Each structure stands twice: as structure tokens, then as C-alpha cells.
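What follows is a short report on a single structure.
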Amino acid sequence: MNIISTVCWCNIWDKDTIVNVGPDVLCQRNGNAMKFVHMQTKAVTFFKAETVSTGLSISCFAGHNRFPLFAFAEVVLRPNIYIYRYPDMAKFSSIPPHMMSYTDIRFSELDLLIAVSGYPDYCLCVFNYRTGTLVLEQFTNVPTVERGIVISFTSLPSIIQLNKQDMTIICYEICTVEKESFLYKVAEVELGKKFLKSCNRCLSFGEDNTLYATNDFGHLLSVDVACFALKPQWQHTPESDSVTEMEKIPRSHGLTYHKSGFLIWNSTTAYYVKKKAGVFKLEWEFEGRLNEVVRFLSNNNGEIYAERRPGHIDQVVVDRNGAVSLEPVVPTGKPVITFRVVQGLKDECVCVLHDEGVAMMDLAKGNTLCEVSVPGATAMCNHRSLALVVVGTLDASIVLIHFERASLPHVLCDLKMETAAVVGLEFNDSWVVFQDQMKVLHVVQVDNRPHKLTHYFEMNPPELSQVFIHTFLLADGPRLMVFINRDHSMKRPGFATELWLYNWGKDKRLHRREYILPKQYGFFCVQPPVGRWALIEIVATEYNNLNFDQFALNEKDELQWIASTKSGHFSYILGAGMTKHLVTWSLGGILVHFKQHKRAKKPFMICRFLNLGMQTEYILRVKECFNSKYLIILLANKSMRVMRLPSLADFVRENVALPLPTEEGIPCFVEQIIHKVDMFVPLSQRQEVKEEYTRADLAKREKLFNSIKDFAAKVTALIDYDISKTGKTQGIFKKFCFHYRWLDALTEEAHKLCALERESLERAIADQSRIRDWILRLVTRDAVSINYRVRSIFADANFESFSVRRKIEMSEFDKYRFYDLEDHLRLSLGSFEEEEPPAPAAGGHGPPAAIEDGEVGEEETVEVAQGLRELKPFVVEGPSIYEHIMAPVFQLQDKNLVTSNQLFNYNCKIRFYLNDPLKQEFNKLFHEAQQLKQDTIDSVMNTNVVLNKIYDNMNIMLRLLNMDQFKPPELTVPSLEKDEVIKQIMEVDDSEVKAINRRKPKTIDTGGKKGRLLLWSKEFWARALIVMMDGVLEKLWEEEIKKDIPEPEFMQKKQPHEFNLEEQKIFRAYEEAVHLLELDRRKYLRILHENEEKTLALKAAQILKLNQRVAELMILKLKYDFALKQGQLRMLTLEKINFGRVQMRKRYTMFRKDIDKLNDYMTRYSNLLDFYDKAFLDVKTRLEAQQTRDRAVERQFRSQFLPLVPHATHEMTKLFKKRPKLPGKVFNSVLICMEASNKLSGKPSHRTPFPLPDDVLEFLNYLAEFDQPKQCPPNVDPKSWDAFVKLRRQKTESELRLKGIGYQLLDSQALLGVLNKDLTALKESKILTQRNSEESIQTYLEKMRNMTIQLTLTMGQVEVSVMGQFTKLSNTVLMHVDDINDVNRQIQEAGNKKIKAMQRVAVFRRQVIFKEWEHKLYKANIAYLKYMLDAIEKCKVSMEFLNILRNWEKVKTERQKYIAGAIERVIEQKIAVFKKNIDRVNIKIDAVKAQTLEIKRSNHAIDFKIERIKVDVTFQNTLRDTMMEDKRDREQRERMSQIKTHRQLMENVRRNYAHVLELQTILELLRLRTYPTLGPPLPQCHPPVPEHILSSVP
């Protein structure tokens, strides 16, 4: 099977595949194809492995850094490894199969090849690729990915393997003993989490054979001390002090070795650091967009290149000024979406589509002939015979492009449509069918003269939207073949089971014919046309099968099944394409099926492989074109390969013809099941269509209207008759519609709908209630986050309850055993006198230290001072838990501490026995205060009601006494704050259910039933009470005095002097009654005033009682808080002590592990050092032996050869020492020296000759030229010359071997030095670790012996913080508290006296300053009065003004005469001016009227807009989230209250700052006189003085 094809070009290359092939060549991969670029000449060479001789595809690949060699492993199981030589691409050597597969291969600097096998052993194999032999094999069982091993630069390289799962690196050394080699595992280093993102390219060896690494933050680290630790070497320090956020975020970094330094790079920056004077320093920095850079690569020429997606190669250039830039040196193409071979062009080219447009590419070289920009291009299709291309875009545009030549395109026209993005296109003659992103098909008409695209119509029948459209093809006619599947939920690629054939014409009828395909097909293609399509040939590949079928569609729209063929594929056919021949592809390869062949009568029966698929590649499109000259392959990753095919005449295969359902010779037609015709209206004519009705339609409409009118008249007559007979105007329609079945059915459906709606509403209410309850439970589940408060009324005092769990979680108590539980229960029932004395134990407050005993011990007692009552810490005897906690015996320091293992249990007992009951004890008082406040609020509200009634009665009395009434004052109404109650989160009531009562109202019996109900109604008893006692049960005095005494009738008819005797008596009685009533009213008014005072006093007393209780509980809460905080402080001290001990134990354990690991490493290094000592002695012995042989050759020359030519001794000695003049660093390695010496020896070798550098070959050529007979001196015979040449070659060979062994000796010495240095470093590290371990043991012992003392003041403040440094109390002395209180009392008395003296001095000083200020004020006033007196005295009056003053009457008369004649002129002028002003004002009035009309019109328009806006606002209000707005308003109010409080506090500070500063000054003077031994406070203790206060104080 010879399927050799030549790679012409590829558009893009695989990511992270760039490697060095020698110092001058870079290589990239695209699947099975490789591109080699010579960076000096830019020559490009391709290589493809696809046969047994060249290699069955490429799995892993490697290039040699020094020599032009590259190697790859095959894809198959048990692969070969082939080594090829550049540039002739000749096979250098091959390594036979040894493993099942390889995951990575690497070249060493010389002749070794390191390979890592695959699952399950991941074996490390070292081969000598010159001989093809296996040097060693080591099973690692470490999963290794590609580029997972790192090789050093030495002759016997160190091998580093990365274990990505465990984030460790494993270091191996190659050891050789008597021709047997093995890998010695030197160390294993943990990288840690800081290397997670950079682990793929974070390792590299340096020039000093040291392994370096970089982490996710770009830090350079070296694996130091025999791979025992990561030692920081360099990290980037920004110029500014502020570190950017990007430098704090971990991200992927890479490390590349380059010219004795390292390049560290990430997505934005690259740093090149170099070691100078033992320290790495930054040489240059490059900042730019490096997110497309995949890898940096350095070669031996000192050049560094960058690989950018999708395959560009850039060179890093540093100019003289130190500026760094990336210069493109090898550009690549763009990712290809699809391609088409355009007809009608003479050039061998292909049209490709990418994201930015269309490009015409040369098939032979890959050059871009022309480009057309089409942004957002998604699909493309070409014309069947013309050089036309139509392109679809993301923004639903279609562009028509014509290529006059391959290099000359023209955009003919484009069409923008209001559809979704174009995803598929078909183009045939004058029609374009495209599919948008919504899976809808559209038809576009193409006009050529002039060029125009018209959106003809949209194919959106309901049948097409309910099926899965697999493929659509456009043929002549126009006929659109749509292959579908009835399963609408099918996903791509899927398969098709039916063909729907659409065609349309000028009659605006859309014909659809449906055919059921005989099988399931996964791909369809049609034969390219020749002339008019009289017969359309269709090829369909079976789904998940090796077969393909041929169909023909004739002009009668008959579908004929022509043939069924079984192909020669190795796997299922995935796709097909047709040009002259049929091309099918699968995972196993690409086959071409010849349409005509001399070995077969039927078409497509002879096939040939064009490509074999050894590895999985997802192919989208394949095309063989230009008479099978080129093969174009487009992959799913937008990679396109163009290959030149060989002759296809040989290596052919035969397909198998499968039988059809009918007999041979009888055509097999696919049955047409449906033919449906639909009308469509072109989009260009839809706006112009008008509805036209015939006369028959109009007559039918008129007849229908008349029948409706007749029916309405009949129904109206029936309703009027019913109203006239019954007198009812409601419920009359039911009798007309009661017996209609359709109404019954409609009513039943309405009832069902109502039931469903009601059920839905009930479910919604249940859901809302469930959500409300769930949120309420979620919020109130743990009371830790919810606290209730009780606030005083009309005051700022408040206190909150303790947060306690609603349900005690016993799971945490079940974690550990609850010690001393029986003892606690027993002691809680009895007294301490009845108990036996407990046994001593280790812990004072906690459980016994012996946890492992397994028995419940007794509670331990506390050693207390004499005179204090002995108490158990967890057994409360008295009624109050607070008094038990604050007992004097528990305020003393306990010398026994709880161990770390007992700490959790001890903390649980404290919380369970003391803290939680203490909180519950206070919460009882809290709830009592809550109830008291609620009762107080109710009492105050009742008092307010009484006061309002008193104020009403007072106003009534004032009105009756004809006195001025008053406005009742606003009474204060107390209420609960938001933090005093918890409100329901969500409330659901019946208002949310929109229920409509559709029941018929029942007839009410207005007779006896109404009478019976009347006896039990409230109105009956109320009326009876009004009739009997005027509506009251008891007549009250205060109600009676509000009634006026009725005035006798005769008082209104007669004058007082007309009263008779009887009437006078009645009048006197009336006046007496009125007088008494007025006295009673005044008395009642006084009583009301007294009641008001008493009621207000009662209200104030009630509020004061509550506020006093709140204040008492505030103080009690502080005490309880202090008790809890004191216990927590002690617990924190215990936890800190135990935590420190645990940390010290962990630290000691860590040091112990490090010491053990160091001992292990030292043992390994000692063994390795012994091995290399022996190897060094072996090399030294070989050197001495070679020196002996060299001296023997020279001795032979002098003793045996020179006597034969005595006449030419000097000349021959000179020729014997003569060597070609070449640079000194030509023989710079052991391998080159040995290979050159083997070349000189002339002995036959079975090994493959190693490719030597050109300088070495030139050296050998010079030696061969020196050995020519023409170089022989004339006086030396040829026989002697041959003997001389042989001796000189032996001498040169010996010198080269000596140089090579010398290199080996130097390498051995260097390696021994490195090993000794590492071993010494290990020993020093061990000594340091042992010292740290001893220090940690001493520190642990000190922590175990020492004890922390907690000092507490009587005011409840902790004097020494437990978080402080206890070493500061090493020299302290404890004093009795009474002595300290006496001293403080004496100091306080002296200080008070001193403060009073200073205050008197300050008052006297203020008086003196005030008097001085008054004195200065008087002096300033005197000076000002003197100045004003001088100014008045200096004033002078002229003689003219004095004459006017003397003759004032005369002057006044003359002025009046002058004014009398001028008044008339002034009046006329004013009248004229007023007329002009009136005319101007009239003009302005007209303009204002016009503007008013215009404004009215605009107001009408604005009113209309306002109405629209109101509608929109109403709609938006329905969508508002009121809860969110309330939350936002609440947060704003809280924020404003905080700002207001802060402002008030600041104003208070500014207002009192001067006074505080004065008091501070007095206090400072007092302190200096009272406490002379104390130093002044530190300057940082003084608060800063604001500027405005400094400026205001004199």
C-alpha cells in the first residue's frame, strides 16, 4: 500500500510543538506533518511519516539541540523510534520496538535518547541512538505527560521526572558499572501548591548543572542541597512601592534557559535574568501582549524565538539601548472555516473562508493571491460553473464576490436581512438558499444584470419547524433537497431518514414532495454538474456503516435507487465529497472511488487509499481536485492541509456491490408518499398586497348581518315580555339559555377553569407560606445572629439579651467522653459535707489527665486560700449562677492547667454548665423586662386615653362656662423599636386570592324568621336600653352637669317686670339652679385639673419605673458580660498555652522527620560518591594507559623511524608534529574526540557513524591531504613515507583519545566536587536541624514548666492582656491590693488639693487678662476720638456755599419760577414717550399671545407624553421590588443617622476641645508636682490638635 503524498503547505500548526533541530533549524508539527525552517536562509522543508518505511505516523517528537537530528515514535502499539537527519531527511538510525507505547522522548547533549513509556509502568528507557541499543530501563510508576522530563547538559545527564498528581519532582542519575547501567534515584522534592499553574514548563537546568524552577508568582528558585529544598534566587521587585494586583495573583509562568541565564515569562511580561557575581540580576524586561505566546525557545547560537498561536514564530530582539521587541520571522496563515475550489479559473488555487473574510490561496506554495474583507463570515458556497462566491455572515448579510482572475476579486453586491446569523449556504445559478441560526431556511434570488440580491421568501412551514434538518442541497430547477429526521430533539451530526423535495416557480406555489429513504444516512453529496442537470446524482453514506448508496433524481421528480456499495474502509464512513471521483473519509483514512476504471464496468467500484488515519483526527471536508493532483483536508480545529498526490494508477482495491430490493434490470424507485402545494408571497410584494372581495363574499356578509339583527330583535322582545310580567330586571337571561347543551358544556369548562385557577392560587399561597416559614426558620434557627433589645421609654438606655441556641446540639458532646458527669449529678443533689474527700488529680478546673484509664473520675477540687469556702467549679449551689462564677475562690489563679486533649471537653462543660445557664438566667430577667415594658406601654396608652378624655371634658366645661378653650397637647406615645421585636418576613392573607362569588343569592324569609333574629340582634337591645334609661345603665354626676337647665317658656315671651308671682318663684329657682350648675362645673373643672396632674404624674412614674429597671438591668448585663468575658479570657489563655505546646510538638516532629530524611540523603550521596570515586579511578587508569601508549608511539617514531631517514631527520620530525590549524574549541566534547579518533584509526565499525560537525570533518580532510604522496619530501622513499603516515595517524589518534579521556576526567572531577559540596551542605543542614530541634525541645520544656498569671482589677478590667508578651513580667513584684488602694487614696487626696490650687491660680490669671484687655480697649477708643476731633477741625467751607445759606429764601423763589415753564415741556415729552412705550408693549403682547398658543399646543403634546409616561410608570411600578426599595431606604436612613451622630460628636469635640486642653494642661502641671518619679507620656499618646483650634487660642 504505497500512499506517499507530499505536503505542500498547512495554514496553521499545532500548539506548543516548536523544537530545535540543530542550532539553525526550527521544527513545527501539524498532526502527521512537520515543517522545518532554516532560520538563516528561511528555507522551508516538509516531512510526513505515513508508511512502514518512513514511520507509521508520529506520536511524540524530539529534536537535537546541537546536531541536525530529529526523532519520533510511531503511533502504533510497540512502536519504533526513528532518527532522521536534516536536511536530506535520510534515516540516521532506528530503535526497535521495546515498549507498548511512549509518552515522551528527549535527546541528551550527545548520543543518548531518553524515552518514557506509557501506562501502566511509565518506564524510563535510555537508548544509544547511534547503535540502537538499550542502555538501561527503570520502572517509575509515575504518570508522565508530554514534556514531563527534563535533561541536564552533561555527558551522563541527570533526569528529572515530574509527578503532576503529587506535585513532586524525582531526580535520577545514570550510573555505569562494568558495562551495566542503572538509574539511581537521588531525591524527591515536593513543589507545593504554588506550582499548580506553571508545572508544565517550570523546570530547567542551568549552566552550572543546577536545577532551577519558577512558581506561579514568577520567582526563580534553585533545587539546592541535593534536591532537598527550594532556595529562592530572584524575584521581580517593581519600581514603585505599591505592588499591582496582577503580581499578587498566581498565574502560569514559564522558564527557559538562554545564554547562561533564564527567561521567565507569563501572559503579559517576560524577564531575562543572568547570574553575575553569584547573584541573579535583571538584564532586560519586555512588557506586551504575550497571551498568544505559547513557548519561548533558545538555541546554541544565542538566539531566542517565541511561538505564537496559531503557529507564528517571532524572534526576541534586544537593541543597543536595551529595548526589547518581538519581530515576526516565520508567519503563518489564519484558521480556515471552510474552502471551495472555484470553477472558471485557470490557476491552481483554492478559495478559503476565515473569520475576517475570503482569501484565494495558491495550492502549490500556499501564497495568498488576494483577499476580500468580510467581517464575521460564517459560511461560503461557490457557483457550479462561474467564478462566483457567496458568503454569509454573523449579522445576517450575504455578499456576492466575483473573481475576474485569481488575484482580482470584485464585490458585486451584498444583502442585509433581518434574520438570525447565517450558518449554512447553497448556491445554484440564480438562487441562494441559506439556513439561519434559528434553523429556518430562506430563499434569496440572484440577478446578474445588474447584480442584485433579493430576499425572496422565507420557508417557515410548521412541518419543517417540527423536524430535524440534517442537510439541504440546492439543484437545478430550482429544486431544494432537504434531508430530515422526524425526531426534532436529535443532535448533530445525527442521521436522515426522509427526503423532502421543494421546488417553486413564478406561480408563487411551493411544492413539497416527501420520500422515505430506504436506510439511515449520515452524509449526502451530489455529482458536480455538466451542462444542464437533466439527472441529479446523489451519493449518501449509511449511518454507522461502511456502505454508500447512489440515487438519481430525474426531471419528473422521481427518485431512483441506483446502487448500493460496500467500501474498503476500516471504520464507519463519516463523510463524502465528489468532484470527478468520489472521496469518502473515516477514522481509518481517506478513500477515492473512481467513477470510471478499466477494471470495472460500474462506477465507484475501484478505490484507492489517499491517506491512512493512524491517529484520531476530526475531518470536516476533503477535496481532491485538478485531476487528482492535490488533496485538500480541512479538520475540525480549522487546520487545512494541502498535499500533492502521487499517481493513483496502482495499489487499487475493489469495492463490493450489494444487491437491491428489486431484480437486476428493473429500476428501483423510492416511493413518493406526500405531494403538498402551499402558497407563498414574496417578501418584496407583501407590503403591496390588498384584500379584494367578490360580490358573492359581500352578499354573504350582508346576509349574516341581517340574521344577527333579526335574532337580536327576537331576544329583546322576549326580555321585554318577561320584565313586563315578572317585574324583575336581573337573572332573566338564564331562562333563555337554560336548555342549550353548548352553554352547559361551556359552563362546565368554566367551572373547571375556575377550579384550576383556585387550585393554582391555593398552591401559590401554600408556596408563599412555605417560603415564609422556611426563611423564618432559616433566620431564627440559630439565635447567635439575632438579639432582642429592651429600650427605655423616651431615653437612650437599652440592653440586649444573650444569644442562646434554641436547641442544644448534643453531637459535639458525643465527640468526646463527658468526664465527671456522675459526680456532677451526685453533688448537685447533696451537700459537700456529705461527700468524701476527692482524690487528687492533675487538672484544677478540667477533667483528670489520665484519659486512657477509661473510668469516670471524680471532680477535682481547687486549692484555695484559708478562709474561702471550697466550691466545685461546675456545681452551682446557690440560686444565682453569676454569684457562683464570681465567687472569690474562682477569682484566684489556678496553678493546674488543662491539657490540649482535655481542652475541648473542658470548654463544652463550661458552656453547658456555666455559660448557657448564666445566659438563660439573665434572659429570664430580660423577658420580665420585656413584659414590663409591654405592660408599661399598655398603661401609658390607657393613661393617654384618660388624659384625652380629661382634655375633652375640660374643653366642654370651658365652653359651657363661656371661657376660652385650649388645644389639647400632643401626648407622647411609646412604641417598640425594630430591634425589639422580630416581624414576619412574609404575610399571606385572603386579599391575594381573587375569588368571585358566583352563587345564587338565597331568598330570605322576611316574616317570622326576621322577627326571631331581631330578638337576638345587638340593635334590638341597644334600642331597648335607649328607651328605658336614655342609653345608660347609671346616671353620672359629671354627665349630668354637662346638660343645660331648660329655660322656662315665659322667659322668652315676657319681660322680667311682667312676671307674676309664680313665674318669679320659678325664675328664682331657675337662677338658683343655674348658679349651682355653674359652681358644679367650676368644681368639676378643678377636679379635672387635679386629675390631669395626677395622671401625668402616674404616667411619668410608670415610665420612670421602667427606665430604672432598664438601667438596673443594663448594669447587670455589664456584670454578666464581664463574667462571661473573664471566663472566655481564661479559656483563651488555656487555648493559647496548649496551642503553643502543640505547635512546639509539631515543630519537633518536623525537625525529627527532616533529620531522618537528611540521614537518608546522606547515605544515598555517600553511595553515589563511592561509585564515582571508583569511576574516577577507572578514568584515571585509562588516562595513564593512553599516555603510555602515546609515549610508546613517539618512542617508536624516534627510535625506529628516524634512523631509517637520517638525511631528513629534522624535516620528518617537523612533519610528525604538524597538525591542521583550526579553532581551539572544535574538539569540545568526549563524543567528538572519540568519534574523530575512530575515523583516524581506519578500523571497520558496526555502529552507525555519528554526524560530526563541519570543522571536525575539515580537520580530517586536512589530515588526509597531509598524508598524500605529494606531501612527501623528495629525499624520502614512498615506503618510508607510508610508515611515517601510519605513525603520524597513530599519534594523532592517541592525542584525540587523550583529549577525550581528559574531558571525561574533568567531568568526573567536576561531578565529584558537586557531590562533595552537596554532601557537605547536607551535613551542615543536619547540624543546623539538630540545633533547631534541641532549641525547640528546650522551649517546649520551658512552656511546660512556666505558668501564665492573669491579673484582674476590681473594676472588671484586665490589666495584662493575654495576647501580650509574658516575658515583660519576669521582674514584677506582687503587692497586696489594700496597700495599693491606700497609696492611691493618698495620691488622689493630694491631687485634688493641687487641682483646686491650680484652678484658683487659673481664675486669677483670667481676671488679670480680662482687666488688661479692658485697659487696651479704652486706650483704643480714646485714640479714635482724638483722630475724629482732628478731622472735624480740619474741615473748611467755601464763600459761595456760605452766601447760598445766607440767601436761601431768594434762591428758592428763583428756582420755582424757572421750573414752572419747564413742567409743560416735560409733560409733553413724557406723553410721547408713554405712547411709544404703549405701542412697543402692544407688539410684545401680540408676540406673547402667539407664544402662548404655541405653548398650549406643546402643552397638549406634553400632556399626551405625560399620559404615556404615567402608563409606563404604572407598568414599572407593577414590576417594582418593594422589599428591595424598603431595604435600600432603611440602609440610607441608617447611614444618615450614623452621619448625623458622627457630626454631633465632632461638634461636641470641637466645642469642648479648648476646655479639655486647659484641663489637660492643669493635670500635666499637677502630675509634674505630684508624681515626680513618673516620666512624661509618650508623644504619640497626645491627640493631634486641629488647625482651627490652634488658630483660635491666643
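The values are calculated or read from the model by the stated rules, or taken from the named source; none is laboratory data. Remember, predicted model here, so these are calculated numbers, not experimental data. FYI the Cβ positions are ideal-geometry reconstructions off the backbone, even for glycines, and counts take in every protein chain you see. Heads up: the accessible areas ignore ligands, DNA and RNA and are worked out on the full protein's heavy atoms, side chains in. Shrake-Rupley method; radii C 1.70, N 1.55, O 1.52, S 1.80 Å.
Quick look at the values:
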{"item": "Every pair of residues 6+ apart whose Cβ atoms lie under 6 Å, when the first sits in segment 482-509 and is among the basic types (Lys, Arg) while the second is modelled with pLDDT of 90 or more", "result": "Arg486/Val467"}
{"item": "Residue match in segment 1534-1552 (condition: in a helix (DSSP H, G or I), under 30 Å from Arg1405 (Cα atoms), in contact (Cβ under 8 Å) with a residue 60 or more places away in the chain and aliphatic (A, V, I, L, M))", "result": "no"}
{"item": "Pairs where the first residue, in segment 1132-1143, is closer than 19 Å to Cys908 by Cβ and the second is in a helix (DSSP H, G or I), C-beta under 8 Å, 6+ apart", "result": "Leu1134/Leu903; Leu1134/Tyr906; Glu1135/Leu903; Ile1137/Lys1343; Asn1138/Leu903"}
{"item": "Search result, residues across segment 514-566 that are without any contact (Cβ under 8 Å) to a residue 12 or more places away in the chain and hydrophobic (A, V, I, L, M, F, W, C)", "result": "Val530"}
{"item": "Neighbours by Cβ (under 8 Å, 6+ apart or cross-chain): first from segment 1175-1197, in a helix (DSSP H, G or I); second of a type in the set (D, E, K, R)", "result": "Gln1186/Arg1297; Asp1190/Lys1291; Asp1190/Glu1295; Val1193/Lys1291; Glu1194/Lys1291; Phe1197/Lys1291"}
{"item": "Pairs where the first residue, in segment 1267-1296, is farther than 23 Å from Gln1187 by Cβ and the second is open to solvent by less than 70 Å² (accessible area, probe 1.4 Å) and of a type in the set (Val, Ile, Thr), C-beta under 6 Å, 6+ apart", "result": "Asp1267/Val1285; Val1276/Val1205; Ser1280/Val1205"}
{"item": "Which listed residue, of Leu113, Leu26, is buried (at least 20 other Cβ atoms within 10 Å of the Cβ) and more than 23 Å from Gln161 (Cα to Cα)", "result": "Leu26"}
{"item": "Residue match in segment 661-671 (condition: outside any strand (DSSP E or B) and under 58 Å from the mean Cα position of the chain (by Cα))", "result": "yes"}
{"item": "Strands (runs of 3 or more DSSP E) completely within segment 534-593 that count 2 or more residues being within 27 Å of Val342 (Cβ to Cβ)", "result": "536-542, 547-553, 573-578, 582-586"}
{"item": "Segment 135-153: number of residues that are part of a strand (DSSP E or B) and either at pLDDT below 85 or more than 24 Å from Leu1311 (Cβ to Cβ) (or both)", "result": "1"}
{"item": "Any hit, segment 1562-1571, residues being modelled with pLDDT under 85, part of a helix (DSSP H, G or I) and exposed (fewer than 10 other Cβ atoms within 10 Å of the Cβ)", "result": "no"}
{"item": "Residues located in segment 177-207, provided they are out of contact with any strand residue (DSSP E or B) (no Cβ under 7 Å at 6 or more places or on another chain), closer than 17 Å to Ala229 by Cβ and exposed (fewer than 14 other Cβ atoms within 10 Å of the Cβ)", "result": "Gly192, Lys193"}
{"item": "Any pair with Cβ under 8 angstrom, 6 or more apart, that starts in segment 1323-1343 at a residue that is in contact (Cβ under 8 Å) with a residue 12 or more places away in the chain and ends at one that is open to solvent by 70 Å² or more (accessible area, probe 1.4 Å) and in a helix (DSSP H, G or I)", "result": "Ser1333/Tyr1148; Ser1333/Arg1152; Ser1336/Arg1147; Ser1336/Tyr1148; Ile1337/Tyr1148; Tyr1340/Arg1145; Tyr1340/Tyr1148"}
{"item": "Selection within segment 537-550 - open to solvent by less than 10 Å² (accessible area, probe 1.4 Å) and not hydroxyl-bearing (Ser, Thr, Tyr)", "result": "Ile538, Val539, Ala540, Phe548, Asp549"}
{"item": "Enumerated strands (runs of 3 or more DSSP E) restricted to segment 301-350, each holding at least 2 residues that are closer than 30 Å to Glu404 by Cβ and aromatic (Phe, Trp, Tyr)", "result": "none"}
{"item": "Among (1) open to solvent by 60 Å² or more (accessible area, probe 1.4 Å); (2) farther than 21 Å from Pro375 by Cβ; (3) in contact with a strand residue (DSSP E or B) (Cβ under 8 Å, 6 or more places away or on another chain); (4) hydrophobic (A, V, I, L, M, F, W, C) - the single one Met438 does not satisfy", "result": "(3)"}
{"item": "Verdict on Asn80 being surrounded by fewer than 20 Cβ atoms within 10 Å (Cβ to Cβ), modelled with pLDDT of 90 or more and either farther than 29 Å from Thr256 by Cα or among the charged types (D, E, K, R) (or both)", "result": "yes"}
{"item": "Residues satisfying the stated conditions in segment 593-621, i.e. among the β-branched types (Val, Ile, Thr) and within 41 Å of the chain's Cα centre (by Cα)", "result": "Thr616, Ile619"}
{"item": "Filtered residues of segment 1120-1165 (kept if over 30 Å from Asn1316 (Cα atoms), touching a Leu at 6+ places or on another chain (Cβ under 8 Å) and among the hydrophobic types (A, V, I, L, M, F, W, C))", "result": "Ala1123, Leu1124, Leu1134, Ile1137"}
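This table checks each residue for (1) surrounded by 21 or more Cβ atoms within 10 Å (Cβ to Cβ); (2) at pLDDT 90 or above.
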{"residue": "Glu418", "(1), (2)": "no, no"}
{"residue": "Phe434", "(1), (2)": "yes, yes"}
{"residue": "Val443", "(1), (2)": "yes, yes"}
{"residue": "Asn448", "(1), (2)": "no, no"}
{"residue": "His451", "(1), (2)": "no, no"}
{"residue": "Leu473", "(1), (2)": "no, yes"}
{"residue": "Leu480", "(1), (2)": "yes, yes"}
{"residue": "Ile484", "(1), (2)": "yes, yes"}
